[in-house]
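Read through the structure below, which is laid out as structure tokens, and then see the notes.
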Amino acid sequence: RADCSSCHEGPLQTDHNHHAIGVPQVGPGREENGDDLGRFEQTGNANDLYEFRTPTLRNVELTGPWMHDGAYTTLAAAIRHYANPVGQLRGGYDVNQLAPIMRPLLDTDETRNEARIDALSGRLRPPPNLDGQDVADLVAFMIALTDEASRDMSDEAPATVPSGLPVAD
């Protein structure tokens, strides 16, 4: 119903494309004013403003925090974002989910947040109607995408980095 598979498709559950999904910005971007313009920074194409690559969903349970800037600290919060990206950018984002040191780094500039809303992908206009059960079902689905062998990869750590220096414990 939410059409997640329009972007999260194929064997890696990603279309490898870039989309503007209205994620609140946590931390500074590369612009002088601190804005993170996404793909636009590489292409200079105004159609790419605030677009970020669709990540794979394989092992997504193990890759938090989520979104390009780590704005969401639970899978449920990341999924709920899609139900109201505009509301998240207009003051609905719960900054308390972040570590205290990160909270002051939330970009609350109304002009930049309105620009993020203007750039929002047509796929999220209107946003999907997700209730609590939908979110729980999607979290369970994403957890099911975790390869059990990925949960503990400590035996895969190399003894040295490519330069030959040892890897610290």
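The values are calculated or read from the model by the stated rules, or taken from the named source; none is laboratory data. Please read all numbers here as calculations on a predicted model, not as lab measurements. Heads up, the Cβs are rebuilt from the backbone with ideal geometry, glycines too, and the neighbour counts pull from every protein chain shown. Side chains are part of the model used for accessible areas, which takes the heavy atoms of the whole protein and leaves out ligands, DNA and RNA. Shrake-Rupley method; radii C 1.70, N 1.55, O 1.52, S 1.80 Å.
General remarks:
- Pair-distance distribution of the range 53-98: all C-alpha pairs, bin width 5 Å, starting at 0; shares per bin in whole percent are 5, 21, 31, 27, 11, 4, 0.
- Pairwise Cα inverse-distance average, inverted: Kirkwood Rh of the range 64-169 (Å): 16.8
- CD proxy at 222 nm, helix term only [per DSSP H run n ≥ 4: -39500 (n - 2.57); per residue of the chain; nearest 500]: -6000 deg cm²/dmol
- Cut-off 12 Å between beta-carbons: net charge of the residues surrounding C4, Lys and Arg +1, Asp and Glu -1: -3
- Accessible area in the full protein assembly, largest first, 1.4 Å probe, for I79, I21, I101, I143: I101, I143, I21, I79
- Classified by the C-alpha gyration tensor, the range 100-155 has an oblate form. Its axis ratio a/c, with a ≥ b ≥ c, is 1.5 or above, and a/b does not exceed b/c.
- Calculated FRET efficiency, M153 to S121, Cβ-Cβ distance, R0 = 30 Å: about 0.35 to the nearest 0.05.
- Reference-scaled alpha-carbon Rg (2.2 N^0.38 Å with N residues) for the range 67-121: 1.10
- For the range 10-92, the extents of the C-alpha atoms along the principal axes are 34, 31, 20 Å, listed from largest to smallest.
- Fluctuation leader among N59, N84, N45 - the chain, Gaussian network, Cα springs under 10 angstrom: N45
- Compared with the direct C-alpha span, the chain from F141 to R90 gains 15.4 nm at full extension, assuming 0.36 nm per residue.
- Span from the the range 127-169 Cα centroid across to the the range 40-86 one, whole angstrom: 16
- Sparse packing (at most 11 other Cβ atoms within 10 Å of the Cβ) combined with a DSSP loop state is found for the following trypsin sites (Lys or Arg not before Pro) in the range 1-82: R1, R30.
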